[in-house]
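The values are calculated or read from the model by the stated rules, or taken from the named source; none is laboratory data. Only a predicted model underlies this, so the values are computations on that prediction, with no experimental measurement involved. Here the Cβ positions follow ideal geometry from the backbone for every residue, glycine too, while neighbour counts run over all protein chains shown.
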Amino acid sequence: MTQEWQAGRLDSDLHGVGFDTLAVRAGQRRTPEGEHGEALFTSSSYVFRSAAEAAAVFAGEQPGNVYSRYTNPTVRTFEERIAALEGAEQAVATASGMAAILAMVMSLCSAGDHVLVSRSVFGATVSLFDKYFKRFGVQVDYVPLTDLQAWRDALRDNTRLLFVESPSNPLAELVDIAALAEIAHAGGAWLAVDNCFCTPVLQKPLALGADIVIHSATKFIDGQGRCLGGVVAGRAEQMKEVVGFLRTAGPTLSPFNAWVFLKGLETLRLRMQAHCAAAQQLAEWLEQQPQVEHVYYAGLPSHPQHALACRQQTGFGAVVSFEVRGGKAAAWRCVDATRMISITANLGDSKTTITHPASTTHGRLSAEDRQRAGISDGLLRIAVGLEDIADIQADLARGLAQV
Ligand SMILES: *Cc1c(COP(=O)(O)O)cnc(C)c1O
């Protein structure tokens, strides 16, 4: 039936088309209804024409859906579109970004394996490794993101996986992904990159040499703060293991969320370009403000890794962090004096958000760990949305006036 609709149409053969075309069309399968938009399949199970057909599909001798914990057509469209955009052989969708990391480690690592994790990863990622994976015998060490020699030195014979976020949250530190991939491969390990902050619009980790890409689709892929979801993407042999874990353990993506993300992907480049342009303007403006001690944004020539960011990314993202003079009290006054910007730790939304990392996202760290991570009491993080930049700036100016 798919052939019936698509034979002779470009949708059936998207080889060689550009990124924007893939973002709009990759993975779509039309039903006999001839719908233009992607169909949303809300079905937990699937029917067969006969007992023999059921047996053949269950046995994997004939293609077909069995149960939505295994496969779902809307989820598959989302997976194929992400794989096309990241340049991966296969992508596997998960219930959240954390479920993506869980599925990756559970399917690719075993007790006795050693994993190296960047010190500057998402807080829940650290908890997942420290509180849970360690309990099941996975050895975990943390390495400063930017220090390639430290990564080399930390490798062991049993190191299986290196895991990073670049750029990091909230300080926008980068690692040279190509160089780190070489280090991983020389040690017989895989490099996995959480590409949540850049999305494939701004950075393609697999093209740089990484083996696996992780996403929290909750952020920019949705782009409007509606749904939770995640993705793991990489080579087919690895993804086969991830699929095996997911269909057994169950943290699969809801078809409704996949459908929302498909709509998000269609506008991803336009949104990322708007986020980046506004964030750049805001970062440059913040650097001029007397109450601001330091601005962390890789698009600024003052950023120590600006050259690497220009080489590795095609844009610098939506997240701008800055330090105000006067520590926590001043930072809180700044937050409380804004009237429009949302006070929330989420990001990747069309609404601009502000957060005080030391008392929220990084509040559970000890004061020493926070200091080591560079999260000072005066640090604020903005995830720039899609409102008028003049209004975002005016709101922050109100905040800064109280610093
Ligand atoms: C939000 C986030 C996650 C976790 O994703 P969820 O969808 O909230 O589970 C992982 N990594 C990064 C970088 C994130 O920002």
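Please list, ordered by first then second residue, the pairs with beta carbon atoms under 8 Å, 6 or more apart or interchain, first in region 16-35 and more than 18 Å from Pro255 (Cα to Cα), second at pLDDT 95 or above and assigned to a loop (DSSP other than H, G, I, E, B).
Every condition considered, the pairs that remain are Glu33/Ala39.
Could you please find all residues in region 156-205 being basic (Lys, Arg) and touching a helix residue (DSSP H, G or I) at 6+ places or on another chain (Cβ under 8 Å)? Talk me through it step by step, then tell me what you get.
Narrowing region 156-205 to residues basic (Lys, Arg): 156, 160, 204.
Answer for region 156-205, where residues must be basic (Lys, Arg) and touching a helix residue (DSSP H, G or I) at 6+ places or on another chain (Cβ under 8 Å): Arg160, Lys204.
Of all residues being among the polar types (S, T, N, Q) and not in a strand (DSSP E or B) in region 194-234, which is farthest from the ligand (Cβ to nearest atom)? Just the residue, please. So that I can check it myself, show each step before the final result.
Going through region 194-234, the residues among the polar types (S, T, N, Q) turn out to be 195, 199, 203, 216, 218, 224.
Filter again for not in a strand (DSSP E or B), leaving 195, 199, 203, 218, 224.
Working: Asn195: 9, Thr199: 11, Gln203: 13, Thr218: 4, Gln224: 14 Å.
Among those that are among the polar types (S, T, N, Q) and not in a strand (DSSP E or B), it is Gln224.
Which one is surrounded by the most Cβ atoms within 10 Å (Cβ to Cβ) among residues in region 44-70 that are part of a loop (DSSP other than H, G, I, E, B), hydroxyl-bearing (Ser, Thr, Tyr) and without any contact (Cβ under 8 Å) to a residue 60 or more places away in the chain? Before the answer, list the steps.
If we filter region 44-70 for residues that are part of a loop (DSSP other than H, G, I, E, B), which is where we start, we get 44, 46-50, 59-66, 68-70.
Filter again for hydroxyl-bearing (Ser, Thr, Tyr), leaving 44, 46, 50, 68, 70.
Applying the additional criterion that residues be without any contact (Cβ under 8 Å) to a residue 60 or more places away in the chain yields 44, 46, 50.
Working: Ser44: 9, Tyr46: 17, Ser50: 8.
The extreme case among them is Tyr46.
Being surrounded by 21 or more Cβ atoms within 10 Å (Cβ to Cβ), closer than 21 Å to Gln203 by Cα and modelled with pLDDT of 95 or more narrows it down to one residue among Ala278, Ala258; which is it? Before you say what the answer is, go through the steps one by one.
On the way: Ala258 fails: closer than 21 Å to Gln203 by Cα.
Exactly one of Ala278, Ala258 is surrounded by 21 or more Cβ atoms within 10 Å (Cβ to Cβ), closer than 21 Å to Gln203 by Cα and modelled with pLDDT of 95 or more, namely Ala278.
Any residue at all in region 207-225 that's surrounded by fewer than 23 Cβ atoms within 10 Å (Cβ to Cβ), touching a Cys at 6+ places or on another chain (Cβ under 8 Å) and more than 19 Å from Gln313 (Cα to Cα)?
no
Can you spot a residue in region 146-159 that is within 16 Å of the ligand (Cβ to nearest atom) and either in the same structural domain as Ser350 (by TED's automatic domain parsing) or crowded, with 23+ Cβ neighbours inside 10 Å (or both)?
Within region 146-159, the first condition is being within 16 Å of the ligand (Cβ to nearest atom), and the residues that meet it are none.
The answer is no, given that none of the residues of region 146-159 is within 16 Å of the ligand (Cβ to nearest atom) and either in the same structural domain as Ser350 (by TED's automatic domain parsing) or crowded, with 23+ Cβ neighbours inside 10 Å (or both).
Six or more apart or on different chains, Cβ atoms under 8 Å: show the pairs whose first residue is in region 168-196 and hydroxyl-bearing (Ser, Thr, Tyr) and whose second is within 16 Å of the ligand (Cβ to nearest atom).
Ser168/Ser118; Ser168/Ser120; Ser168/Val121; Ser168/Leu145; Ser168/Leu174
Does Leu246 satisfy the criteria of being closer than 19 Å to Cys198 by Cβ and either in a helix (DSSP H, G or I) or without any contact (Cβ under 8 Å) to a residue 24 or more places away in the chain (or both)?
Details: closer than 19 Å to Cys198 by Cβ: no; either in a helix (DSSP H, G or I) or without any contact (Cβ under 8 Å) to a residue 24 or more places away in the chain (or both): yes.
For Leu246, the condition - closer than 19 Å to Cys198 by Cβ and either in a helix (DSSP H, G or I) or without any contact (Cβ under 8 Å) to a residue 24 or more places away in the chain (or both) - is not met.
Could you please let me know if Ala236 is assigned by TED's automatic domain parsing to the domain that holds Thr344 and surrounded by fewer than 24 Cβ atoms within 10 Å (Cβ to Cβ)?
Values: assigned by TED's automatic domain parsing to the domain that holds Thr344: no; surrounded by fewer than 24 Cβ atoms within 10 Å (Cβ to Cβ): yes.
No.
Hand me the list of strands (runs of 3 or more DSSP E) wholly inside region 102-166 holding 2 or more residues that are free of Cβ contacts under 8 Å to residues at least 40 places away in the same chain and of a type outside the set (S, T, N, Q).
Values: elements: 114-118, 139-143, 159-165.
It comes to 139-143.
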